[in-house]
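The values are calculated or read from the model by the stated rules, or taken from the named source; none is laboratory data. Predicted model, so just to flag it, every value in this text is computed and none were measured. Virtual Cβ from ideal backbone geometry, glycine too; neighbours counted across all protein chains shown. These accessible areas exclude ligands, DNA and RNA; they are computed on the full protein's heavy atoms, side chains included. Shrake-Rupley method; radii C 1.70, N 1.55, O 1.52, S 1.80 Å.
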Amino acid sequence: MWRRHHVGMPVGVIDVGSNTVRVLVVRDGREVISQREMLRLGASVERYGRITPDKLAETSDVVARFADLGRDAGADEIEILITSPGRQAENGADLLDVLARAGKCDARILSASQEGLLAFKGALAVASPPYRRRVAVVDVGGGSAQLVVGSRHAGPEWATSIDIGSQRLTSRMLSGDPPGAKAVKTARAEVERYLDGLDPPLPRAAYAVGGSARALKRLAGSSRLGADELDGVIALLAATPIDMLIERYAADPDRVRTMTAGAVILAGIQRRLRVPLKVARAGLREGALLDLGARRAAA
């Protein structure tokens, strides 16, 4: 288990994504803090091309609070990781500067490649597939999706980033409540356009990480998301109002609005991988903590 790598090394990471800001702190081999705030920075980027002043201020407040929580819990080293909002917003550099000052710690904007590789590392550390087995790790975020193929033995051998995520696709095509079959058909076609020419090495197994995958696992009632499961979830989401999804199916209230888009993107990628996706418990943040702990140990 990945936590074993951190015994005696209190470290924390704050993950600033298109949908959420999350903090994860591990101390003495235990997860001591895991919190999130749904800020939807990606909606601001999609609508205005930039992060608006009110969203910058809100994100700054959340990051400052999360950094204080981490330090109070004993994390003497914290890193802020900014994913697609930093890459896609015109003022991504302003976001980086504001958050570094708010958290009083190191901050960086991850490239799409770095984001995918950290998710790959975190997922494989927990899933522990056979050492030489080729596997894929899929991370659908709010602003983009990452796909990495490789093995524990050889490491990543192929990686790509797809410039569409659950928040962006929702804002463009799936904002209705419920979105309806016609909108879903249009969204599927849009995803296919982004996936055109995608030809990854075929894995023997595949893992889905991130908030979209975890929310869909709950709705599907299974950690296995094959073609049938994803198509069934998409049909349900297309026809069911948000209030009913929350009341009847215990859908995550913070995620429910973007779940249809997440399912459509995962379904498109799953068809190209030709194996079911298994929802993994760890991804980007856990991979980042592994890296941070290794850098500390080597210092």
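Summary table below
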item: Rg(Cα) / (2.2 N^0.38 Å) computed for the stretch 238-299, rounded to two decimals; result: 1.65
item: Ellipticity estimate at 222 nm from DSSP helix runs (n ≥ 4, -39,500 (n - 2.57)) divided over the chain, nearest 500; result: -15000 deg cm²/dmol
item: The stretch 1-131 - Debye-derived log10 I(q)/I(0), Cα point model, q = 0.15, 0.18 Å⁻¹; result: -0.71, -0.97
item: Dipole of the stretch 1-137, positive end: most advanced residue of Val126, Leu95, Ile51 [Cβ charges, Cα centre]; result: Val126
item: Stokes-Einstein translational diffusion, the chain - Kirkwood Rh over all Cα pairs, 0.692 mPa s, 37 °C, in µm²/s; result: 171 µm²/s
item: The chain - share of DSSP beta bridges that are antiparallel (%, nearest 5); result: 65 percent
item: Carbon plus sulfur fraction of accessible area for the stretch 77-118, probe 1.4 Å, in percent; result: 47 percent
item: Assigned charges on the beta-carbon of Lys, Arg, Asp, Glu; the chain dipole about Cα centre (debye); result: 980 debye
item: Low-density loop positions, trypsin sites (Lys or Arg not before Pro), the stretch 103-148 - DSSP coil, at most 15 other Cβ in 10 Å; result: Lys104, Arg132, Arg133
item: Per residue solvent-accessible surface (Å²) - the stretch 1-153, probe of 1.4 Å; result: 40 Å²
item: Label zone at Arg248 (point 7 Å along Cα-to-Cβ), backbone N below 12 Å, the stretch 218-237; result: 236-237
item: Around Val149: net Lys/Arg minus Asp/Glu count, Cβ-Cβ under 9 Å; result: 0
item: Probe 1.4 Å, protein heavy atoms only - accessible area per residue of the stretch 180-271 in square angstrom; result: 45 Å²
item: Counting all C-alpha pairs of the stretch 186-237, share separated by more than 13 Å (%); result: 69 percent
item: Long-range amide H partners of Arg50 with built H, under 5 Å; result: Glu90
